[in-house]
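One structure is given below, encoded as structure tokens.
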Amino acid sequence: MGRETKRLTARTVATLTEPGRHADGGNLYLSISTNGGRRWIFLYRWAGKQKEMGLGSARDVSLARARELADAARASLAEGIDPLAARRDVVVIPTFGEAADALVEDIKSGFRNEKHIDQWRMTLTEYAAPLRAKLVSDITTEDVLTVLQPLWQAKQETASRLRGRIERVLDAAKAKGHRSGENPARWRGHLDALLPKRQKLQRGHHAAMAYEDVPAFMARLRRLKGSSALAFQFLVLTAARSGEVRGATWAEIDLTAGVWNVPANRMKAGRLHRVPLSAAAVEVLEKAKSLHLKPEGSTLVFPGAKAGAPLSLTALDMLLRRLGLEITAHGFRSSFRDWAGEETSFPREVAEAALAHTVGDATERAYRRSDALEKRRKLMEAWAQFLDGSGETRVIHLRQR
């Protein structure tokens, strides 16, 4: 009489909580750890030694799928092949859940804030639950929409972050050879045509543009002429405040070092702020010179209509009104911060320093002597590449250690 197999049922798998190995038969077990972890394992003997082959998390791999994997392992044994060795010789396509968990493990060292990693885990586990059991190679646009549509209007920021994280999981899967073709979670030129436009983002009293839309906005600015349009490009590229940009002087700009030194008396925090200039920001400054925006006797980088006077308080917001946009110039600082937090692995402290924000208590600030200029330079260069919008519109994910 053959060994009893298929002892488990989908219901028992869902309800079992007792730690230990629960046999399904045919060397397939549901292993439950003391901390509640649940995974499938295949036990077998090879060269006189017992070996264990993991078949995936029970959260992401169904009982039926686990049995299929166990069948394949037994077939390898019947042919005199070690199942673990056989698996190393072929490309094993992971489920979305396995790929998502692996990505979080890969990138977590790039974050200082454990809460941020917890948010990644939560969104890719709870909100992306319908995707987790699917092989990454099989996920379609329809699958992604099924996850995003219920959240898109009700929880706009959550939905946007979820979309970006799904996209990154699938990008990583493609880089590892686990899928091919276009990324079904890609926004520009794909999901932006299938999902309704998000309502404007509010941050306090400053209405801001969703960061996904800023590259297109910058393209519109580059087609405009005049001091206001160049000043606005410089504001977005440097994530600076309106007053800091409008009052910028040529004496503050060091093109050789690629740094804009904003003096303490022009900063909200009352201390010198060094702004690393990306290649795109330098290009804007060169245009300001070439367009003769430096009238004789004026030291202003972006002078107003009146000789020797800066742009007015409302000049940049008026430009937005002419473009039909109900947002504020200050709101682009929020757009930059959202992008840095959601699309890069730069530490929070670097992004906050780019905005000239005070981070930490007095003791922590006393020990932090550096303003992380070179780390911020890499961040601002990545931001400029994202804003350029040429070729691939995906963000370059840079990791700081």
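Of all residues in region 1-49, count the ones that are assigned to a strand (DSSP E or B), more than 20 Å from GLU79 (Cβ to Cβ) and more than 36 Å from the chain's Cα centre (by Cα).
7
Write out, first by first residue and then by second, each pair whose Cβ atoms fall under 8 Å of each other, whose residues are 6+ apart or on separate chains, and whose first residue, in region 57-71, is surrounded by fewer than 22 Cβ atoms within 10 Å (Cβ to Cβ) while the second is assigned to a helix (DSSP H, G or I) and among the charged types (D, E, K, R).
These pairs meet every condition: SER57/GLU98; SER57/ASP101; ARG59/ARG132.
May I ask you to say which residue of ARG38, ARG45, ARG74 is exposed (fewer than 13 other Cβ atoms within 10 Å of the Cβ) and in contact with a strand residue (DSSP E or B) (Cβ under 9 Å, 6 or more places away or on another chain)?
None of the other options fit; the residue is ARG45.
Any chance region 110-126 includes a residue that's at pLDDT below 90, basic (Lys, Arg) and over 22 Å from PRO94 (Cβ atoms)?
Within region 110-126, one or more residues are at pLDDT below 90, basic (Lys, Arg) and over 22 Å from PRO94 (Cβ atoms).
For region 73-158, which helices (runs of 4 or more DSSP H) that fit wholly inside it have 1 or more residues that are within 30 Å of TRP46 (Cα to Cα) and among the small types (Gly, Ala, Ser)?
Ranges flagged: 83-88, 96-107.
Output the residue which, of all residues in region 195-213 that are assigned to a loop (DSSP other than H, G, I, E, B) and over 11 Å from ASP338 (Cα atoms), is modelled with the highest pLDDT.
LEU195
Quickly run through region 237-266 and pick out the residues that are among the small types (Gly, Ala, Ser) and either on the phi < 0 side of the Ramachandran plot or assigned to a helix (DSSP H, G or I) (or both).
Correct list: ALA240, SER242, GLY243, GLY247, ALA248, ALA251, ALA257, ALA264.
Just for helices (runs of 4 or more DSSP H) wholly inside region 267-354: which have at least 1 residues that are assigned by TED's automatic domain parsing to the domain that holds LEU221 and more than 30 Å from ARG168 (Cα to Cα)?
Helices (runs of 4 or more DSSP H) meeting the threshold: 279-290, 315-322.
The values are calculated or read from the model by the stated rules, or taken from the named source; none is laboratory data. Nothing here was measured: the structure is a model prediction, and the numbers come from that model. For neighbour counting, all protein chains shown are included, and Cβ atoms are generated from backbone atoms with ideal geometry for every residue, glycine included.
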